[in-house]
Amino acid sequence: MLFCTTQFLGFFVVLFALYWLLPGQRPRVWLLVAASFWFYASWSRQLAVLVGAFACLDYLLGLAIAASAGRRRRGLLLLGLGLNLGLLGVFKYADFFLRSLEQALHTAGAEASLPVLRLIVPVGLSFYTFEAINYLVDVYRGRLPAERNLGNFLLFILFFPHLVAGPIVRPRDFLPQTRRPKRWSWLRLHLGLRLFLLGLVKKLAIADRMALFADPVFADPAAYSTAALWLATLAYALQVYGDFSGYSDMAIGAAHMLGYKLAANFNLPYLAVNMADFWRRWHISLSTWLRDHVFIPLGGSRGGRWRTIRNLLLTMTLGGLWHGASWSYVAWGVLHGLLLIGHRLFQEMCDSRQRLKTWLASRAGTILRIAVTFACFCLTLVVFRCATLAVAGVMLGRMLLPSAGLGTPLHVRAFWLTAGAVAVGHALALQPDWRRALERLPAPLRGLGYATALTLTVVLAPGAGKAFIYFQF
Amino acid sequence: MLRHPARDLLWFLLAFVAGQLGLALAVEHALPDVRDPEYTLKEERLRRLRRDKPDHKLVVMLGSSRGSLGFRAALLSELLDRDRVLVFNAALSGGGPVLDLVCLRRLLAAGLRPDLLFIDVVPLHFNQPDGLALEERILNGNRLRHSELAAMRPYWDEPGRHDRQWWKARLLPGVLQQAELREYVGLDELSLEAPSDALDRLIDSHGWYPRYPGPDPPRQQAATAAALRQYAPFATAFRLAPRPVQALNDLLAACHSERIPVVLVVMPEAPAFRSLYSAEVRAGVDAFLQSVGREWRVPVVDARDWSPDEEFWDGHHLLPPAAWKVTLRLGGDVLLPLLPTQARPLGAGIQPRPQGAGLGRETGQTRVTQRR
């Protein structure tokens, strides 16, 4: 059930009405748990049972860890990590590793035919296993008391707005909210609806339309000209941003309407001035998770340059692998690791060149840095999006060397209009007082603006609805 | 912080509802190219031609997508320009006797009165073994204005179906007519290097609508299989469809009262498609069409076996080269003899049914009347 469907609209309206009619926090928590389970079961009932079962297991492990000490405590943590990573490994990576091993053996001249599991990856697997791991580690480290109430814990894992594509929620942020009684607030409803509408605009009017440009080209990059390939890449950059940040906005908006606050997941990432800044703005919940649970435990940036480089590369490679079981994702992660390393080294070089540093901090320098960062990200998107590394290589080659071929599959006017709208949106968001300016408008004008945005979005949405990109991760 | 968020939400709701209502009214009254883009475009094309050639005799084809794809009116117009004859293809996708009636009324209301009408009839439109008739299933009520919807109600077994389609489309035009609205605004224009499916580029100056690309055997095979599956339920058992028959009779009556000569044309069907028909259905629809021809004294041109399998995209829609051949044959064999000379007006070879004769509307029976 996608957020941008009439099916979800019906589901949410009924849930919203029942939720706010119910007295007290406890019934509401269980209603949300049941609704979230039903939401997940709309994809697969069997997998919903599996996710529910693992959530119950994590709940019991959390209690057991909190009640234990010493080696037993550590052992329980390792068991919990093993179970969650095992779930992720089996469903998501088993076939990938088996295929890769088989290929490696064939290359080495050995005869091997390894089994193929062909398991359906549960939707949102990567997100809730990371949340569960986060919880168990926090309980182990004493940062968080174990949650005693099963309903609260199940809601933390299964809460449908963030269940299938994030944001990855921190237990320290979410669990206290499950205990606090919720009071009706028109303001929160207004904010939630506004965020949901923004997400809908990003998903339907931007992401799905940009997919019309990107999909045909990425399906057969060898047929297209250099200009078409660049345009498709830019279109995909807009698509993935609109899709993912749009989903996050809808998730945060829906949660708001039910009285829960989820952390922001995107902060104008295409205005990042370098790759480190980019990862502080893009998929914030994942990048902070990787920082806290991989980069810092590995030693972070303590321990000298080479250790930092190693830690960055490992962290980003794992980040790439998190996205999917394929060498393309691994390569994408490695590329980002290299870009982060490159940024650090460049930063070190600039520290001893004051004039360069001053110029880079100027307006022109900032624009250049934003452009370079965006271009670098776009080039990594080619690796991310293409079916295989070989195809990505062909596409990158044709992008960097002038190549003849087909033009864009759609008229470029539609692309530039959409890109222009995104640019205007970013420019407005940069103004510190845009919210206040919006609030000062007369209510009829604001209402008209929202209605126009919704109507335009619905009209612009391409006929066949596309699933959210990050559902596959 | 917002002082009155509830008020904001109310204004949002009001503005959205008002916006949808405004869009609905616009679609119904002011944006025919959103409501029925194919017809509107064809009418525009015909008006332009009529302005340039006001004195030419106008020959119009009404009918379905078979006629729309299979009749290259521009070709005949060019050949017959010296005879001061203008030929136009006003056949519409999903068309049948009901939509033909709507289309004729629209043309007459627009002052585009044909001097001779070719009506492409699809035999299976008049066979209704069970369930709804073919045209009733295919036609979407949102193409019609409310007044047309009401007028066409007697021709449907389930008039509520098209009413619901109409209401849904008018209540949520942004959702249900989004493709037409986008096309209207021009946001889906395709690159010059890729095949375009924008109506404006596909429909030629005389209404021919070559929707399908050139030969592509694998896709043609798949399309043919899909078409056979779609039409098979209508080709096994025979029961004359009373309401489509009524619609055809009313269409012919309207032509008669407007003194517009008519030629009924059964467009080509591939041998694979014709093999769908059971003997009972073939005999039944053939007898019906013959009886209509006799009753109304209109020629019935059976062109079903004019083209081989490979000249179709999907067994019943002609590819462009085949449409050229079929058009030439229709022009030479059917239209030329009907052309005006000094001694006789256009269509004089067709003698209309005498006033006051019966209409042969008995359900399940075809009336056999004397042939001319």
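The values are calculated or read from the model by the stated rules, or taken from the named source; none is laboratory data. Every value quoted in this text rests on a predicted model; they were computed, and no experiment measured them. Positions of Cβ are backbone-derived with ideal geometry, glycine not excepted, and every protein chain shown enters the neighbour counts. Only protein heavy atoms, including side chains, enter the accessible area calculation; ligands, DNA and RNA are left aside. Shrake-Rupley method; radii C 1.70, N 1.55, O 1.52, S 1.80 Å.
How many residues are part of a loop (DSSP other than H, G, I, E, B) and within 22 Å of A:Ala264 (Cβ to Cβ) when one looks only at segment A:144-173?
Keep residues of segment A:144-173 that are part of a loop (DSSP other than H, G, I, E, B), which gives A:144-149, A:159, A:164-170.
Cutting the leftovers down to within 22 Å of A:Ala264 (Cβ to Cβ) gives us A:144, A:159, A:164-170.
Residues meeting the conditions: 9.
Among A:Arg148, A:Arg143, which is open to solvent by 10 Å² or more (accessible area, probe 1.4 Å) and more than 22 Å from A:Gln25 (Cβ to Cβ)?
A:Arg143
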Kindly indicate whether A:Asp95 is surrounded by fewer than 21 Cβ atoms within 10 Å (Cβ to Cβ), at pLDDT 85 or above, outside any loop (DSSP other than H, G, I, E, B) and acidic (Asp, Glu). no
Pull up segment A:402-416, narrow it to residues that are over 11 Å from A:Tyr224 (Cα atoms), at the interface with chain B (Cβ under 7 Å from one of its Cβ atoms) and of a type in the set (A, V, I, L, M), then point me to the one that is surrounded by the fewest Cβ atoms within 10 Å (Cβ to Cβ). A:Leu410
Return the total of residues in segment B:316-328 being crowded, with 16+ Cβ neighbours inside 10 Å and out of contact with any Ser or Thr (no Cβ under 8 Å at 6 or more places or on another chain). 5
Across segment B:128-141, what is the number of residues that are assigned to a helix (DSSP H, G or I) and open to solvent by less than 20 Å² (accessible area, probe 1.4 Å)? 4
Filtered residue count, segment B:37-85, keeping only those that are in contact with a helix residue (DSSP H, G or I) (Cβ under 7 Å, 6 or more places away or on another chain), open to solvent by less than 10 Å² (accessible area, probe 1.4 Å) and part of a helix (DSSP H, G or I): 3
From the list A:Val240, A:Val201, pick out the single residue that is open to solvent by 10 Å² or more (accessible area, probe 1.4 Å), assigned to a helix (DSSP H, G or I) and β-branched (Val, Ile, Thr). A:Val201
Can you give me the number of residues within segment B:129-153 that are basic (Lys, Arg) and closer than 19 Å to B:Ala227 by Cβ? 1
For segment A:278-289, enumerate the residues that are open to solvent by less than 20 Å² (accessible area, probe 1.4 Å) and in contact (Cβ under 8 Å) with a residue 60 or more places away in the chain. A:Phe278, A:His283, A:Ser285, A:Leu286, A:Trp289
Please indicate, with yes or no, whether at least one residue in segment B:111-127 is more than 20 Å from B:Pro242 (Cβ to Cβ), aliphatic (A, V, I, L, M) and in a helix (DSSP H, G or I). no
Got a sec? Which of A:Val116, A:Val164, A:Val90, A:Val123 is in contact with a helix residue (DSSP H, G or I) (Cβ under 7 Å, 6 or more places away or on another chain), at pLDDT below 90 and open to solvent by 50 Å² or more (accessible area, probe 1.4 Å)? A:Val116
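Take the conditions closer than 28 Å to B:Ala235 by Cα, surrounded by fewer than 21 Cβ atoms within 10 Å (Cβ to Cβ), at pLDDT below 95 and away from every other protein chain (no Cβ under 14 Å) and apply them to B:Arg161. Does it pass? Walk me through how you get there before you give the answer.
Numbers: closer than 28 Å to B:Ala235 by Cα: yes; surrounded by fewer than 21 Cβ atoms within 10 Å (Cβ to Cβ): yes; at pLDDT below 95: yes; away from every other protein chain (no Cβ under 14 Å): yes.
Against the criterion (closer than 28 Å to B:Ala235 by Cα, surrounded by fewer than 21 Cβ atoms within 10 Å (Cβ to Cβ), at pLDDT below 95 and away from every other protein chain (no Cβ under 14 Å)), B:Arg161 qualifies.
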Subset of segment A:325-353, residues open to solvent by 40 Å² or more (accessible area, probe 1.4 Å) and not in a helix (DSSP H, G or I), comes to A:Ser352, A:Arg353
Unmet criterion (only one of (1) away from chain B (no Cβ under 14 Å); (2) touching a residue at least 12 places away in the same chain (Cβ under 8 Å); (3) in a helix (DSSP H, G or I); (4) under 21 Å from A:Arg26 (Cα atoms)) for A:Pro176: (2)
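How about segment B:290-329: which of its residues are in a helix (DSSP H, G or I), among the hydrophobic types (A, V, I, L, M, F, W, C) and closer than 27 Å to B:Gln246 by Cβ?
Quick first cut of segment B:290-329, residues in a helix (DSSP H, G or I) only: B:290-296, B:309-311, B:320-329.
Narrowing further to those that are among the hydrophobic types (A, V, I, L, M, F, W, C): B:292, B:296, B:322-324, B:326, B:328.
Of everything in segment B:290-329, those that are in a helix (DSSP H, G or I), among the hydrophobic types (A, V, I, L, M, F, W, C) and closer than 27 Å to B:Gln246 by Cβ turn out to be B:Val292, B:Trp296.
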So the check is Cβ under 7 Å with 6+ separation or different chains; which pairs have a first residue in segment A:140-162 that's of a type in the set (Ser, Thr, Tyr) and a second one that's in a helix (DSSP H, G or I) and open to solvent by less than 10 Å² (accessible area, probe 1.4 Å)? A:Tyr140/A:Ile65
So if I check each of B:Leu21, B:Leu31, B:Leu14, which one is out of contact with any strand residue (DSSP E or B) (no Cβ under 7 Å at 6 or more places or on another chain), within 14 Å of chain A (Cβ to nearest Cβ) and touching a residue at least 60 places away in the same chain (Cβ under 8 Å)? B:Leu31
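B:Arg3 - would you say it is surrounded by fewer than 23 Cβ atoms within 10 Å (Cβ to Cβ), in a loop (DSSP other than H, G, I, E, B), basic (Lys, Arg) and within 14 Å of chain A (Cβ to nearest Cβ)?
Values: surrounded by fewer than 23 Cβ atoms within 10 Å (Cβ to Cβ): yes; in a loop (DSSP other than H, G, I, E, B): yes; basic (Lys, Arg): yes; within 14 Å of chain A (Cβ to nearest Cβ): yes.
Taking the combined requirement at face value, the residue satisfies it.
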Determine, yes or no, whether B:Arg243 is among the charged types (D, E, K, R), surrounded by 17 or more Cβ atoms within 10 Å (Cβ to Cβ) and more than 30 Å from B:Arg47 (Cβ to Cβ). yes
What residue, of A:Tyr260, A:Tyr224, is within 14 Å of another protein chain (Cβ to nearest Cβ), touching a helix residue (DSSP H, G or I) at 6+ places or on another chain (Cβ under 7 Å), surrounded by 22 or more Cβ atoms within 10 Å (Cβ to Cβ) and among the hydroxyl-bearing types (Ser, Thr, Tyr)? A:Tyr224
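Being β-branched (Val, Ile, Thr) and either open to solvent by 80 Å² or more (accessible area, probe 1.4 Å) or within 19 Å of A:Val240 (Cα to Cα) (or both), is that true of even one residue in segment A:419-434?
Narrowing segment A:419-434 to residues β-branched (Val, Ile, Thr): A:422, A:424.
From what's left, either open to solvent by 80 Å² or more (accessible area, probe 1.4 Å) or within 19 Å of A:Val240 (Cα to Cα) (or both): A:422, A:424.
Among the residues of segment A:419-434, at least one is β-branched (Val, Ile, Thr) and either open to solvent by 80 Å² or more (accessible area, probe 1.4 Å) or within 19 Å of A:Val240 (Cα to Cα) (or both), which makes the answer yes.
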Residues A:Ala41, A:Ala17, A:Ala48: which one is without any contact (Cβ under 8 Å) to a residue 12 or more places away in the chain and buried (at least 18 other Cβ atoms within 10 Å of the Cβ)? A:Ala48
